[in-house]
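Asker: Have a look at the structure that comes next, please.
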Amino acid sequence: MSTTAPLLQVTDLVRHYSLPRESLFATAPQVKALNGVSFSLEAGRSLGIVGESGSGKSTIARLVMALDHPTAGSVKLLGRDLHRLPRDELRLARRDVQMVFQDPYGSLDPRQTVERIVAEPLAALAGPSGSSRAEQRERAAESLASVGLRSTDLQKYPHEFSGGQRQRIAIARALITRPKLIVADEPVSALDVSVQAQVLNLMQDLQQQFGVSYLLISHDLAVVNHLCDEVCVLHRGLVVERGAPSQLFAHAQHPYTQALLAAVPRAEPPVLA
Ligand SMILES: Nc1ncnc2c1ncn2[C@@H]1O[C@H](COP(=O)(O)OP(=O)(O)OP(=O)(O)O)[C@@H](O)[C@H]1O
Ligand SMILES: [Mg+2]
């Protein structure tokens, strides 16, 4: 048995949200967003999480990013429980995990230049003894180049780009700390279908180039198909089925997975040329 810890190990993750009480004497109603979710991801591989709206996908993303606290369970990155790390160690651990959000319009600050946006995770890590502005600019230019944009784009603003280009900028920002893991929550859902394929292909290329792993969240099994080695199907805060995407496409066991597949308007997994 290997003694090295997996890149990401999620164990019995529970997240219940208490809603405001309707009266002084009523008990606070609870939303049971996650009810005991476990999975692990080895370095360099990618895992998809699929499920319908409200199944708990973004809750998992927030907990893996340590943007929210679990009710129970743990999230371990390279063996360290993120929710038990002292604040300064968590800040350092954030170097290894970055996020790409669904909305390429809302997730980029419209008042900041692309240079500021892309360098932001580095600046946040830097502290007083961190990298200089010139180094940050150089790294931002490198990161932009790796997603197919030019260094002349550094001084532009988000509104000067198309949706697909903005999502490339978001990916460049995620890459800048050379993370081991990128959590991508519906990264292509807001894009046209033709642009979706380009962005997914780019993510695949970057995976090969940098050895980064993805935790790819989507309501669409077809989207995770090309990027992920394994998929977990989430239903009401529980993993109801898991397996290789091709296996799920061919022989979905759980009725919920079959229903998800039936909702995909394509009979075949898409070919992302
Ligand atoms: N801060 C919160 N307070 C209360 N309930 C919440 C909170 N965040 C999420 N929820 C609830 O938890 C459940 C899971 O939400 P989550 O955002 O994880 O779903 P999702 O699978 O990402 O859905 P979508 O596909 O629509 O993005 C939902 O019922 C949601 O309303
Ligand atoms: Mg969501």
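What follows draws every value from the coordinates through simple rules; no lab data is involved. Given the structure is predicted, the values throughout are model-derived calculations rather than measurements. In this analysis, Cβ positions are derived from the backbone assuming ideal geometry, glycine residues included, and neighbour counts consider all displayed protein chains.
Asker: Can you put F210, F25, F161 in order, fewest other beta carbons within 10 Å first?
Answerer: F25, F210, F161
Asker: Pull up all non-local amide H partners of S213: gap of 5 or more, or a different chain, and H-to-H distance under 5 Å with H placed in the peptide plane.
Answerer: Long-range HN contacts for S213: G44, L181, I182.
Asker: When DSSP assigns beta bridges and you keep just the ones with both residues in the chain, what percent turn out antiparallel, to the nearest 5?
Answerer: Details: 21 of 38 bridges.
That works out to approximately 55 percent antiparallel.
Asker: Would you order H251, H235, H83 from fewest to most other beta-carbon atoms within 10 Å of each residue's own beta-carbon?
Answerer: Sorted ascending by nearby Cβ count, the order is H251, H83, H235.
Asker: Please compute, over every Cα-Cα pair in the chain, the percentage with a separation greater than 35 angstrom.
Answerer: Percentage above 35 Å: 18.
Asker: Here is a follow-up. Let me make sure I get this right: for the stretch 39-139, a, b and c are the square roots of the gyration tensor eigenvalues over alpha carbons, sorted descending. Under 1.5 in a/c it's rounded, otherwise prolate if a/b > b/c, else oblate. Which is it? Could you put the intermediate results ahead of the total?
Answerer: Values: a/c = 2.09, a/b = 1.37, b/c = 1.53.
It is oblate, given that a/c is not under 1.5 and a/b is not larger than b/c.
Asker: Take the alpha-carbon centre of the stretch 1-39, take the same for the stretch 118-174, and report the distance between them in whole Å.
Answerer: 34 Å
Asker: Fewest first, what order do V231, V97 take by the number of other Cβ atoms within 10 Å?
Answerer: Ascending Cβ contact count within 10 Å gives the list V97, V231.
Asker: How much mean residue ellipticity at 222 nm does the chain get from its helices, if each DSSP H run of length 4 or more adds -39500 (n - 2.57) and you divide by all residues, to the nearest 500 deg cm²/dmol?
Answerer: Result for the chain: -10500 deg cm²/dmol, rounded to the nearest 500.
Asker: In the stretch 94-148, which trypsin sites (Lys or Arg not before Pro) are in a loop and have at most 11 other Cβ atoms within 10 Å, using DSSP for the loop call?
Answerer: Of the trypsin sites (Lys or Arg not before Pro), the ones in loops of the stretch 94-148 whose Cβ has at most 11 other Cβ atoms within 10 Å are R111.
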